[in-house]
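Input: a single structure, listed below in structure tokens.
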């Protein structure tokens, strides 16, 4: 099974689960030029905090499990780290981030050693209580 590759789903322990299109990510504001944060990447990201805030996590939530659209990558990151440092790269040259660069959404957590520090093909952020089970493939995803 593959997640829909045109939207980012934020659900789990969320009061307001969301399914965000490219246009909705663009409308959130809080855009960041990722080259200014990490020069090896190009494009525009939205702060993960803005996306998580839109879903309104329940008070007991303390982790976010990241799911790739191909379902090969599943790993958890502490919610506080994701909200503080996480960037969701989704746009390049005014258009959706192409698949060959990790689109539709690529998660970057600059300066992190977490397996979620650079995840291509992100399709779902599952807000949860406690760390989930990681199924991270060997090598970069």
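Somewhere in segment 67-78, is a residue under 19 Å from residue 129 (Cα atoms) and without any contact (Cβ under 8 Å) to a residue 12 or more places away in the chain?
no
Inside segment 32-141, counting only strands (runs of 3 or more DSSP E) that do not spill past its ends, which hold 3 or more residues that are touching a strand residue (DSSP E or B) at 6+ places or on another chain (Cβ under 9 Å) and over 25 Å from residue 13 (Cα atoms)?
Output list is empty.
Just for segment 32-52: of the residues that are more than 15 Å from residue 85 (Cβ to Cβ) and out of contact with any helix residue (DSSP H, G or I) (no Cβ under 8 Å at 6 or more places or on another chain), which one is modelled with the highest pLDDT?
33
How about segment 15-30: which of its residues are surrounded by fewer than 20 Cβ atoms within 10 Å (Cβ to Cβ) and touching a residue at least 24 places away in the same chain (Cβ under 8 Å)?
15, 16, 17, 18, 22, 26, 28
What are the residues in segment 1-31 that are touching a helix residue (DSSP H, G or I) at 6+ places or on another chain (Cβ under 8 Å) and assigned to a loop (DSSP other than H, G, I, E, B), if any?
Of everything in segment 1-31, those that are touching a helix residue (DSSP H, G or I) at 6+ places or on another chain (Cβ under 8 Å) and assigned to a loop (DSSP other than H, G, I, E, B) turn out to be 5, 6, 15, 16, 17, 28, 29, 30.
The values are calculated or read from the model by the stated rules, or taken from the named source; none is laboratory data. No experiment lies behind these values; they were computed from the predicted model shown. A quick note on method: Cβ atoms are made from the backbone with ideal geometry, for glycine too, and the neighbour counts reach across all protein chains shown.
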